[in-house]
Amino acid sequence: MQTLFAYDQCIEANNTLAQDLINERFAPDLNSMEVQDKALLKEKRKEALEKYIQRFEAKQVKESEDPLINKVVDEALKLYETSSKKDFNFLRKNLVVEVEKINNRYFEVLGLLLAFVEAAKTDKKENHAHFINNNFLNALKNDASLQSLLLKSNATWEHDRLLVQGWFRDVIKSDKVYSDYIKETAVDDVSQKNVIKHIIRKLILGDTVINDHFMEINIRWAEDHDIVKSLADKTLKSFDVVKGTFQLQKLSMDWEDDLLFMNTLFEKTTQIEQANKDLIANNTKNWEVDRLPLTDRIILEMAITELINFPAIPVKVSINEYIELTKHYSTPKSAKFVNGILDVIAKELVASGAVRKSGRGLIDNK
């Protein structure tokens, strides 16, 4: 949704640039020694803009009798199309990159735990033996596959030792739960696991400068945070004390399938047919809104695209997902609005045959 929002903004900006080009082509040449016919230039600029807008909206347009006007309109459209194609390719590629970065953040959290162990070893003022010898942390350190992934994703924190030491001093050591833990006479498996859970949830991903750091380096951290926390929690939960092993978590159970879904949804939504845009317009005109918010429009277009292009996803599942998306990213009243509109649109699409569901449990399209 965010990528489609960005693409829509790019389209609008490219359209503006194309019209600016027309304005520039028919602006008076202030450096010319000849007298400029400003009225004629204004007339030509107006005609060129009108023809550009008509062609931009895919309407039938009769060519101008002035070859220069036709040439400038062609230049403007080419500028728009070239810029939009470049933005489309960048955003489509970046969509996958941003999703893959979530894995890196997950590895960075695990790597930070090990970096804190190294920081604890250098502190001579307190005894951090319980933390340094924590069985889960030892399992992380001894896991060859994790070590390889930490190096590959640059998540070892080797280049940020001073930053890590500062966090260890100001956040970890000053925390009461951690302080009580390292002062215990003996620690059992439960307390070892609990202190790591506390460090992950409250000190790394809680309301601290460490979480602020992740937010600063990742503009999508507000969305990625809960996913990373879930992956880290599941990693700790999977730890087998007897075997000393754990299960590294996967962001996706079937990355190839999810990658196809992402790319298809993005591409098909950007290519949504005018008939489906009209479907949104026809079903929103009676609502008390002066203008459909861009976020709501994108969500509706995504939902329609998913309903039509993914026959294995039940209609109700799609609708519920986009209602939840609306709750997170749009106005307080939008969820009810989108729910009502999608319910009507889905029924129309099913009735027209545009939506055909197939697969186990989907025979009735409900």
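Would you confirm, using the coordinates I've provided, whether Phe88 is out of contact with any strand residue (DSSP E or B) (no Cβ under 9 Å at 6 or more places or on another chain), farther than 24 Å from Lys229 by Cα and among the aromatic types (Phe, Trp, Tyr)? It is true that Phe88 is out of contact with any strand residue (DSSP E or B) (no Cβ under 9 Å at 6 or more places or on another chain), farther than 24 Å from Lys229 by Cα and among the aromatic types (Phe, Trp, Tyr).
Scanning for something surrounded by 16 or more Cβ atoms within 10 Å (Cβ to Cβ), modelled with pLDDT under 95 and touching a helix residue (DSSP H, G or I) at 6+ places or on another chain (Cβ under 7 Å), does segment 235-246 turn up at least one residue? Talk me through it step by step, then tell me what you get.
Pass one, segment 235-246, residues surrounded by 16 or more Cβ atoms within 10 Å (Cβ to Cβ): 235-236, 239, 246.
Next, only the ones that are modelled with pLDDT under 95 stay: none.
Among the residues of segment 235-246, not one is surrounded by 16 or more Cβ atoms within 10 Å (Cβ to Cβ), modelled with pLDDT under 95 and touching a helix residue (DSSP H, G or I) at 6+ places or on another chain (Cβ under 7 Å), which makes the answer no.
Being without any contact (Cβ under 8 Å) to a residue 24 or more places away in the chain, over 19 Å from Leu236 (Cβ atoms) and not basic (Lys, Arg) is the requirement here; does Thr156 meet it? No: the conditions fail for Thr156. Pairs meeting the criteria (first residue in segment 342-366 and of a type in the set (Asp, Glu), second residue modelled with pLDDT of 90 or more, beta carbons under 9 Å, at least 6 apart or on different chains) are Asp343/Ile319. Within segment 19-38, restricting attention to residues that are part of a loop (DSSP other than H, G, I, E, B) and among the hydrophobic types (A, V, I, L, M, F, W, C), the residue that is nearest to Ile53 (Cα to Cα) is Phe26.
Restricting attention to helices (runs of 4 or more DSSP H) lying wholly within segment 275-357, give those where 3 or more residues are basic (Lys, Arg) and either over 30 Å from Arg220 (Cα atoms) or modelled with pLDDT of 90 or more (or both). Ranges flagged: none. Exactly one residue out of Asp175, Asp224 is out of contact with any Asp or Glu (no Cβ under 8 Å at 6 or more places or on another chain), modelled with pLDDT under 95 and surrounded by 16 or more Cβ atoms within 10 Å (Cβ to Cβ), and it is Asp224.
Within segment 53-85, the set of residues being over 15 Å from Ala18 (Cα atoms) and either surrounded by 13 or more Cβ atoms within 10 Å (Cβ to Cβ) or in contact with a helix residue (DSSP H, G or I) (Cβ under 9 Å, 6 or more places away or on another chain) (or both) comprises Ala58, Lys59, Gln60, Val61, Lys62, Glu63, Ser64, Asp66, Leu68.
Once segment 20-52 is narrowed to residues that are crowded, with 16+ Cβ neighbours inside 10 Å and under 23 Å from Gln274 (Cα atoms), the residue that is nearest to the chain's Cα centre (by Cα) is Tyr52.
The values are calculated or read from the model by the stated rules, or taken from the named source; none is laboratory data. All values derive from a computational prediction rather than experimental measurement. Here Cβ is always computed from backbone atoms with ideal geometry, including for glycine, and neighbour counts include all displayed protein chains.
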